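The values are calculated or read from the model by the stated rules, or taken from the named source; none is laboratory data. These numbers come from a predicted model, not from an experiment. Ideal geometry is used to build each Cβ from the backbone, glycine not excepted, and the neighbour counts take in all protein chains shown. For the accessible areas, the whole protein counts, side chains as well, though only heavy atoms, and no ligand, DNA or RNA atoms are used. Shrake-Rupley method; radii C 1.70, N 1.55, O 1.52, S 1.80 Å.
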Amino acid sequence: MQFRKSWIMTLALTSVVALAACGNNATTNNGGNNAAATNAPTEASSGADLSGSVLASGSTALQPLVEQVAEKFMETNTGVDIQVQGGGSGTGLTQVAEKQVDIGNSDVFAEEKLKDADAEKAAALVDHQVAVVGIATVTHPDAGVDGLTKQQLVDIFTGKVTNWKEVGGADQKIQIINRPGSSGTRATYESFALGMKTEDLQGSIQEDSSGTVKKMIGETPGAIGYLGLSYLDDSVKAISYEGVEPSVDNVISGKYPVWAYEHMYTNGEPTEAVKAFLDYFLTDEVQTGDVVELGYIPASKMQVSRDLEGNVTTK
Amino acid sequence: MRGKLKQSRFEKHHIEDFIGRSYMSLCVLLLVVIIISMVYFVASKGVSTFISGDVTVSDFLFGTKWSPEAEPASYGAFPFIAGSFLVTLLAALIASPLSICAALFMTEIVPGWGKKLLQPVIELLSGIPSVVYGFIGLSVIVPFLRNTFPGQGIGVAAGALVLSVMILPTITSVAADALSSLPQNLKESSFALGATRWQTISRVIIPTTLPAIMTGIVLGMARAFGEALAVQMVIGNAPFVPRSLFESASTLTSVITLGMGNTTMGSAHNNSLWSMALVLMLMTFVFIFLVRLLERRNKI
Amino acid sequence: MKPRTVDKIATGVIVFFALLIVGILLGLLGYILMRGLSHVSLDFLFSPPQKIRAGGGVGPQLFNSIYLLVLTLLITVPLGLGAGIYMAEYARPGRITGFIRLIVEVLSSFPSIVVGLFGLLLIVNYFNLGFSLVSGALALTVFNLPLMVRITEQAFRTVPKQQKEAGFALGLSKWKIVTSVLFPVALPTIITGTILSAGRVFGEAAALMFTAGMSSPRLNFNNWNPLSPTSPLNPFRPAETLAVHIWKINSEGLAPDAAQIAAGASAVLVITILIFNLAARFFGRYIYRKLTASKRMN
C-alpha cells in the first residue's frame, strides 16, 4: 500500500508540473495568436477549395523567408498546411530527390550538389527561383580599403597578398574568414567574385554561418570575408568590387556580379497545393513585400538572368 | 476452499513474475537492438566511402589534404584526427591536475564542508549545456586569447580551454569516488609513521588510486573527443594540422557539423563525413576498452 | 626543504585549485546571468521569436524543450526501470550480464553528434518520421536510456540486503519483493538521478539539430488536439528547443538583438538546470524522509 501511495503521488506531481508548464504557455500566448486567428476566416473564401499539406526543408538561409511566406499563405488558404524545416541545402536536395519532402530549398543549383552518380536525380527536379541574394566582400572597418579588384581578391584568397598595405590599406596582416568547402555561399563567391576555386589556406578561419562570420570579421583586426547583403551593418565594412558598390540596385541591374538565386525545388511537376504556394511566392505582394523585408532581392525584379553555367543574359 | 485460494494466489504470483520478467528482458533486449543497429548503420554508411573507391583507407586516415569540392577532390582526414587528439590531450592536461586537486580537497583536506562545497559545483558544471560553453568561449576566452597571445584568439588553445572546463566534473567525480573508497587504515598507518599529509597523499594515496584516477581522465577524454558544438564555435575550422596553439584547426566533430547539412546524402563528400563519424564511434570503443583495462588493474 | 614546508605548500596549491574551480563556476554563472538576466522578462519567456525585428521571445522553444523532455522521459523511464531492475535483481553474473553492462557503458559514452547522425539516418530518413519531436525524443532515448539503467541498477543495489531477505522469509514472490519492498526504498535515488539526467536532455543540442529540426512552426496554444499540425502537442511537428535556438540565433540570427536573445536564452537554460539540480536534491530528500517516517509509524 505504502508503495502504491507514493507512486501515485509521484505520478500526480509530475503531471501537475507538466500541466502547469503547458497551462502557463497557453494563457499568455492567447493574445498574439487570437489576432492571427481572427484575420484568417475573413479572407479564407478565396482559397477555401485548396487543401493538402506541404513539407519543405533545406537551406537555413532561405528558411526564414519561406516560413514567413508560408504563414501568410496559410492565412488565406486555411485548408493548406505548410511545414518549413531547415537542415541545410544538401539535406533539402536529398530529401526532395527521395520524395521525403515536397519542396527542397537550396542556395545552389541542384546540379552542383547532385553530380556524378546522382546526376539523374537532379534531372528530375524542377527549379523555382524565388529570390536572389547579393554577396558583398566585407572587411574589418580598420583595414583601410574601400574597394578591391578581382585580381587583388584572388591574390588575397590564394595567400599571395598577406598584408593590407600591399593593396593600398593599413599596415596590417590579412586574416581570411572563409566558409567551409561545402558552403553554397562560398561556391557563389568563388565563381562570381574570384572566378576560380581556391584552396584552403593554413591558418584561415572557416565558419559556416553568416552570423558568426559577421561577428568574427567585426572583432578580428585585418579580417576579410564575404556576407549576404542582409547581414551587413556598422560592425563590418562592405567594400566595392571592381569599383561597383555591393547594393541591391547594382545587383538588380546586373552591374554587381556576385549574387546567387535561392531555389525551391520540386520533384517532377508540383501538386496543386505546392504549385499554388510557389505561384504565391512570385506574386508582387510577396516579392516586393516579404522578400525585400527580409533582405533578399526579388527574383522577379532582376534585369538579368543567369543559367547553371553562369552565363548572364539581359532580360 | 482454503486450498483453492492458495493455489490461485500461487498462480497469480507466477503470472506476475512471468510478465515482469518478460518485460524486463524485453527492455534489456532493446538496449542490445539499439547498439547493434547503431553500429550497423553508422558502419555501413562509414565504409561506403572506401567501398565506392573514392578514397582508400590509408589516404583517408593519413592524407593531409582535405579539399572535397575541388577537382580532383581529395579526402585526407588526418588534420581532423590530429586536431581531435590534440584538443583532447591538451584539455586532459589542463583539467587533470585541477580535478585531482579538487578531489583531494573534497576527501583529504577538508572532508566535511569541502565535499558540501564542491559536490554541487561539480554537478552544476556538468549540467551546463555545451552550447552555453561555446557561447562563453566565443565571447570571453577568444577575445582574452586574442589580446594576450599572438594570433586571432580562435584556435586549438581556445578549444582546449573550453573542453577542459567541460571535462572537469567527469574527472573530479571519478577521482573523488576512488579517493573516498580508500581504506582508512592505509592512511592512518602512514600518519602513524610520522608522514605529513602531503607525504601520505603523494606516496600512499595517489599511487594506490592511480588506475582509478586514470579511469576518470580517460572518461573525460572520451567526452572531449566527442564534443561537437562548443569546440566548433571556437576552434576556427581550417582543415590543417595547426603549427601553433593559437592557429585555427579542425576536429572530426567540427567538420561533421559544418558539412553534414550542406552535402547531399550519398555524395562522396557526405560519405567521407560518415567515415569520420565511424572513426568517432571506434574511438569510443577504444576509450571504453582503456577504461576496462584500468579497472581490471584497479581490482588487483 | 623540510617536509612540513612542502606539506604546507602542497596543501596551499590543492586548496587554491579547488577554490579556482569554484571560482570558474561562479564566474560562468555570474557572466551568463549578468549578460542574460536583464533581457529575461515574462514577455521574453512566452512570446514567439521575431525574424528580423527586435523584441522576440523564446516561448515556443521553451515549450518545445519541456515537451521534448516529457516525451523522452515517457519513453526512457519505463524502459530504463525495466532494464535496470533486471540488471540489479535478475541477471546472474556471467558473460551475458557483462556484455550488457558493456553495452550500457558504450551507449552512454557515444558522442552526441554520432547519436544525432544515427537518428538522421534511421529515424528521420529511413523511418521517414522527418524532423519531428518524436525523432528527437527517440534520439535522446539512445543516450538517456543507459543513464536510467545505471541509475536504477545502482539504486537497487544500495537497498540493504536484510530487506530482501525479510521479504523472502515472508514467502513473497520475487516480483512482489521487487515491486513492494525494494522499489519504494530505491525510489528516492531513482528520482534524484532521473531529474539530474533530465538536465542533460534539456541542454542537448548536437543530437537534436539533426533530428528534431531547427524550425518551429507557428503554434496555436488554444489547439490541444495532438493530431492537428498547429497544435503544440502534435509530436510529429518539427521543434526547435532552447539549446538549438541559442545555436541558431548565434549563427544565423537576423534580428538586431540576436546577441541579447542568445544571452537571455542561455540564462534561462542555466536557471532551468539550476532548478533541476535543486529539485533533485530537495525531492530525493523529501521522499526519503516521507518513506522512512511512515515506515516507523507502521
Query raised in the report: Between chains C and A, what is the buried accessible area summed over both chains (1.4 Å probe, protein heavy atoms, nearest 100 Å²)?
Result: 3700 Å²
Report task. Calculate how large, on average over all directions, the projected area of the Cα convex hull of the stretch B:1-111 is; give the answer in nm² to one decimal. Result -> 16.1 nm²
Report task. Just tell me which lysines come within less than 26 Å, Cα to Cα, of residue C:248; anything on the same chain fewer than 8 places away is out. Result -> A:72, A:113, A:214, A:215, A:237, C:51
**Report entry** Cross-link reach list, aspartates and glutamates versus residue A:315, counting only Cα pairs under 13 Å and skipping chain neighbours closer than eight places
**Finding:** A:307
Report summary line: Interchain or sequence-distant (5+) residues whose placed amide H lies within less than 5 Å of the amide H of residue A:163 are A:174
Query raised in the report: Computed from the mean reciprocal separation of all distinct C-alpha pairs, what Kirkwood hydrodynamic radius does the stretch A:112-243 have, in Å?
Result: 15.6 Å
Requested in this report: Cross-chain or 8 or more residues apart, Cα under 26 Å: how many lysine pairs in chain B fit that? Count them up, please.
Outcome: 6
Query - chain B: most fluctuating residue of B:26, B:258, B:210 per GNM, C-alpha cutoff 10 Å - result: B:26
Requested in this report: Mind checking A:53-60 for the average number of partner chain beta-carbons within 10 Å of each residue's beta-carbon?
Outcome: 3
Query raised in the report: Which of the aspartates and glutamates could a cross-linker span from residue C:174 if the Cα-Cα distance has to be under 15 Å and same-chain partners fewer than 8 positions apart are dropped?
Result: B:11, B:16, B:17, C:89, C:165
Requested in this report: Using only alpha carbons, build the gyration tensor for chain C and give me the equivalent ellipsoid semi-axes, biggest first, whole Å.
Outcome: 37, 30, 20
Report summary line: Expressed as a whole number, the average count of other chain Cβ atoms within 10 Å around the Cβ atoms of C:56-64 is 2
Query raised in the report: When Lys and Arg each count +1 and Asp and Glu each count -1, what net charge do the other residues less than 13 Å away from residue B:24, Cβ to Cβ, add up to?
Result: -2
Report summary line: Sorting C:92, B:21, A:186 on solvent-accessible surface, 1.4 Å probe, most exposed first, gives C:92, B:21, A:186
Report task. Give the accessible surface of the protein assembly as shown per residue, rounded to a whole number of Å², with probe radius 1.4 Å and ligands, DNA and RNA excluded. Result -> 41 Å²
Query - Taking the convex hull of Cα positions in chain B, its mean projected area over all directions (nm²) - result: 24.9 nm²
**Report entry** residue B:40 - accessible surface, heavy atoms, 1.4 Å probe, Å² rounded to 10
**Finding:** 140 Å²
Query - Sulfur and carbon atoms: percent of accessible area, the stretch B:80-299 [1.4 Å] - result: 68 percent
Report task. Determine the total buried accessible area between chain B and chain C, counting protein heavy atoms only with a 1.4 Å probe; round to the nearest 100 Å². Result -> 6900 Å²
Query raised in the report: How much accessible surface does residue B:14 have with a 1.4 Å probe, in Å² rounded to 10?
Result: 110 Å²
Query raised in the report: So, in Å, what gap is there between the alpha-carbon centers of the stretch A:167-190 and the stretch C:32-69?
Result: 34 Å
Requested in this report: State which entries of A:160/A:255; A:115/A:301; A:115/A:197 exceed 22 angstrom in Cα-Cα distance in the structure shown.
Outcome: A:160/A:255; A:115/A:301
Report summary line: Among the DSSP H helices of chain C, those whose Cα atoms extend at least 18 Å along the helix axis and whose mean Kyte-Doolittle hydropathy is -1.0 or higher are C:3-37, C:59-85, C:95-109, C:133-157, C:183-203, C:258-297
Query raised in the report: Gaussian network model of chain B, Cα springs within a sub-10 Å range: biggest mean-square fluctuation belongs to which of B:36, B:213, B:109?
Result: B:36
Query raised in the report: Per residue, what volume in Å³ does the convex hull of the Cα atoms of the protein assembly as shown enclose?
Result: 194 Å³
Query raised in the report: At a probe radius of 1.4 Å, what is the per-residue accessible area of residue B:113, in Å² to the nearest 10?
Result: 150 Å²
